[in-house]
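Colleague: I'd like to ask you about the structure that follows.
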Amino acid sequence: MLRLTIRFTPSEDFEIDYNFFKMPVGRAIGSTAGISLHPDGSSFWVFDRCGANDCVGSDLDPIMQFDLDGNHLISFGANMFVRPHGVYVDHEGNVWVTDGEGPNGEDPRRDGKGHQVFKFSPSGEVLMELGKPGVSGDGPYEFNQPSAVLVTPKGDIFIGDGHGGRSNSRIMKYNSEGEFILSWGAQGSEPGNFAVPHDLAMDSLGRLFVGDRGNNRVQVFDKEGNFILEWEQFGRPSGIFIDDNDMLYVTDSSSTPRSNPGFDEGIRVASVHDGKVTLFLDDPHEDGTQEGVVVDKQGNIYGSLTAGMALRKYVLK
């Protein structure tokens, strides 16, 4: 297990800009697990929980686009989601999102929604739906609390299906038309199994990186689901991002002395080629925990928070 780190604290070496993303007038950011960067670096996409902890009963648009100066451009997706989670922008600029919960038998406003993955055009037109609205399951066209989605330039769709508890613990693969190809994984700690496949990223070699949060590790697979390796030096991975230089950024939003002794919450950075952590940014803990992460071409880091309900930009002083 590699634990060598060069430690920097945001208060000393990085400034955190909480006001970079300019929200629409009167609109507060909610709990936000998902943030994505257009592949050409031209804009950011944020998927928040309607200014709250979910979107139940809200008329707000949870999908928002911002330019490189943090100015709000467009919003859409109102009245479509229960609990927004993952977001990914494909090479054509289409926006993919996952709805991580569904009906609970108590609140009728949840009925007929949830447990789905959507593909939107950049203007908000629904182009594809995967999963059955409001129905949880473990079949090839059903999900149970899908957490993450990633789309390759070829159009293959990978989904991290599950978020703990009695949900699923697997990776699903579909072709560009949404036709099922294969799946792998189940609840467990063995290589190839998962306990919350919370986020996905792919390197320049086409290897799929899975933030297996409940097992305190990052797992790496080929595109056919064959296990390659696992790394335990990144804490409890909530968000993962790989830049054009094959640098891996991993957020740890839930390590505690009890859940993962020896690890602190924050962001760890390493090359995908050896996994050696060369940078660690402590989470300042003042606004909850960071889950989502992206990095621009200048090396600035951007994060989204769930418990803290905030967006961050880390700028090197």
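FYI, it's all coordinate maths here, none of it is from the lab. Please read all numbers here as calculations on a predicted model, not as lab measurements. Positions of Cβ are generated from backbone atoms using ideal geometry, with glycine treated the same way; all protein chains shown enter the neighbour counts.
Colleague: Ranking request for peptides 26-33, 195-202, 37-44: highest mean number of other beta-carbon atoms within 10 Å first, then the rest in descending order.
Modeller: Values: 26-33: 19.2, 195-202: 24.6, 37-44: 16.4.
Put in order of decreasing packing, that is 195-202, 26-33, 37-44.
Colleague: Let me check against my output: what whole-number percent is the relative contact order of the chain, with C-alpha pairs under 8 Å and at least 6 apart? Intermediate results must be reported in sequence, preceding the final value.
Modeller: Values: 938 pairs, mean separation 51.4, N = 317.
This gives 16 percent for the chain.
Colleague: Another question about this same structure. On full extension of the chain, what length is gained from residue 104 through residue 53, given 0.36 nm per residue of separation minus the C-alpha to C-alpha distance? List each step's numbers first, then the result.
Modeller: Numbers: separation 51, 0.36 × 51 = 18.36 nm, distance 1.53 nm.
Result: 16.8 nm gained on full extension.
Colleague: Applying a 10 Å radius around every beta-carbon, put 74-82, 125-133 in order of their mean neighbour count, most first.
Modeller: 74-82, 125-133
Colleague: When DSSP assigns beta bridges and you keep just the ones with both residues in the chain, what percent turn out antiparallel, to the nearest 5?
Modeller: On the way: 82 of 87 bridges.
Here the share of antiparallel DSSP bridges comes out near 95 percent.
Colleague: Where does each of 214-223, 246-255 land if you order them by average Cβ count within 10 Å, highest first?
Modeller: Numbers: 214-223: 20.4, 246-255: 23.4.
In decreasing order of mean packing, 214-223, 246-255 become 246-255, 214-223.
Colleague: Roughly how big is the range 7-316's charge dipole about its Cα centre, with Cβ charges of +1 (Lys, Arg) and -1 (Asp, Glu), in debye to the nearest 20? Write out the running numbers ahead of the final one.
Modeller: Values: 25 positive and 47 negative charges, 94 e Å.
Dipole size: approximately 460 debye.
Colleague: How about the range 234-278: which trypsin sites (Lys or Arg not before Pro) there lie in a loop by DSSP and see at most 14 other Cβ atoms within 10 Å?
Modeller: Numbers: sites: 258, 268, 276; in loops: 258, 276.
Answer in residue order: 258, 276.
Colleague: Round to a whole angstrom and tell me the spacing of the C-alpha centers of the range 167-208 and the range 226-297.
Modeller: 19
Colleague: Report the gain in length on full extension from residue 17 to residue 232: 0.36 nm times residue separation, minus Cα-Cα distance, nm rounded to one decimal. Walk me through the intermediate numbers first.
Modeller: Numbers: separation 215, 0.36 × 215 = 77.40 nm, distance 3.00 nm.
Fully extending the segment from residue 17 to residue 232 adds 74.4 nm.
Colleague: Which residue, chosen from 226, 79, 121, occupies the Cα position most advanced towards the positive end of the dipole of the chain, where the dipole is computed from +1 (Lys, Arg) and -1 (Asp, Glu) charges on Cβ about the Cα centre?
Modeller: Going by the Cα projections, it comes out as 226.
Colleague: GNM on the chain, C-alpha springs below 10 Å: top fluctuator among 303, 124, 206?
Modeller: Result for the chain, Cα springs under 10 Å: 206 fluctuates most.
Colleague: Dipole of the chain (Lys/Arg Cβ +1, Asp/Glu Cβ -1, origin at the Cα centre): which of 42, 18, 250 lies farthest to the positive side?
Modeller: So the residue we want is 250.
Colleague: Report which label in [x] 17.9, 50; [y] 20.3, 58; [z] 23.5, 93 holds the value of Rg and Dmax of the Cα atoms in Å derived from the coordinates of this structure.
Modeller: [x]
Colleague: Contact order normalised by length for the range 186-317, with contacts defined as Cα pairs under 8 Å and 6 or more residues apart; what percent is it?
Modeller: Details: 319 pairs, mean separation 18.9, N = 132.
With pairs under 8 Å counted, the relative contact order is 14 percent.
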